[in-house]
Amino acid sequence: MSSQQPGPHPAQVPGAHTWHAPPRARVVSAAYRRWAGVLVSLAVAIAAVMVVAFVMSLVLLAEADADSAKGAHGYGAIFLWFGIATMAPVLAAVAVPGVVMMRRVRQQRRAGSTPS
């Protein structure tokens with residue numbers, strides 16, 4: 001056991017409230033809305049390219065399996081898989097902020113406080 005006594009409580013500042021009001025939502029600018037749309041569109045485009053690359057890799061693997069003369073197509077499929085694996089974090093880095101920004105834009109539109 002310690003022989004120290006607990007310190008006194010700090011004095012309350014007169015006139016200070018113990019509750020806080022919720023922060024006001026900032027108005028979303030036109031440039032913010034535009035960038036939100038750009039990020040979401042870019043995420044959709046990246047996802048579409050990834051789907052096409054995956055389908056192409058399956059076709060290349062099927063060709064490589066069917067004919068031994070086209071065995072090099074399997075390496076093309078592996079190359080596409082590396083591209084897909086590389087683009088997955090890029091997709092997340094673009095899609096997550098885009099979705100958050102679009103959600104904020106929609107909230108502002110529902111509130112009716114969008115500037116022209």
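The values are calculated or read from the model by the stated rules, or taken from the named source; none is laboratory data. Just so it is clear, the structure is predicted and the values come from calculations on it, not from any experiment. Using ideal geometry, Cβ is built from the backbone for each residue, glycine included, and neighbour counts are taken over all protein chains shown. Quick note on the areas: whole protein, heavy atoms, side chains included, nothing else; ligands and nucleic acids left out. Shrake-Rupley method; radii C 1.70, N 1.55, O 1.52, S 1.80 Å.
What's the local net charge at residue 39, with K and R +1, D and E -1, over the other residues with C-beta under 13 Å away?
With Lys, Arg at +1 and Asp, Glu at -1, the neighbours total +4.
Taking the Cα-to-Cβ direction at residue 51 and at residue 30 and moving 7 Å from each Cα, how far apart do the two end points lie in nm?
3.3 nm
Give me the percent of the accessible area of the stretch 48-99 that comes from carbon and sulfur atoms, probe 1.4 Å, all protein chains in place.
After summing per-atom areas, the C and S share lands at 81 percent.
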